[in-house]
Amino acid sequence: ILNQTKKKALKAYEYQDIPFEKVVEAVQPERSMSHSPIFQTMFTLQNIKQERLDLPDRSIEMVESNMSIA
């Protein structure tokens, strides 16, 4: 599954400049108020490692969580 996700994520860069409206127009999904017309799950790549954020008079650190939900 991870390998498939990697391949699809890299392939998606080829289409990053296509407006979302064009995707919806091409796919013509069935509309429902109960879910998004294009996708029900999302993969988000956050490749910036930042363990600590320093602000004036404040310090913010990353805290890891084992929760498996958004």
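The values are calculated or read from the model by the stated rules, or taken from the named source; none is laboratory data. A quick note: this is a predicted structure, and the numbers were derived from the prediction, not measured. A quick note on method: Cβ atoms are made from the backbone with ideal geometry, for glycine too, and the neighbour counts reach across all protein chains shown.
Out of the residues in the stretch 46-56 that are in a strand (DSSP E or B) and either loosely packed, with under 10 Cβ neighbours inside 10 Å or of a type in the set (Ser, Thr, Tyr) (or both), state the one that is modelled with the lowest pLDDT.
Taking the stretch 46-56 as the starting set, the residues that turn out to be in a strand (DSSP E or B) are 52-55.
So of that shortlist, the ones also either loosely packed, with under 10 Cβ neighbours inside 10 Å or of a type in the set (Ser, Thr, Tyr) (or both) come out as 52, 54-55.
Values: Arg52: 71, Asp54: 76, Leu55: 80.
The selected residue is Arg52.
Table: residues versus (1) among the acidic types (Asp, Glu); (2) touching a residue at least 24 places away in the same chain (Cβ under 8 Å); (3) surrounded by fewer than 10 Cβ atoms within 10 Å (Cβ to Cβ).
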position: Leu2; (1), (2), (3): no, no, yes
position: Ala9; (1), (2), (3): no, yes, no
position: Tyr15; (1), (2), (3): no, no, yes
position: Ile18; (1), (2), (3): no, no, no
position: Glu25; (1), (2), (3): yes, no, yes
position: Thr41; (1), (2), (3): no, no, yes
position: Thr44; (1), (2), (3): no, no, yes
position: Ile60; (1), (2), (3): no, no, no
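Can you go through Ser32, Ser59 and tell me which one is assigned to a loop (DSSP other than H, G, I, E, B) and of a type in the set (Gly, Ala, Ser)?
On inspection, the qualifying residue turns out to be Ser32.
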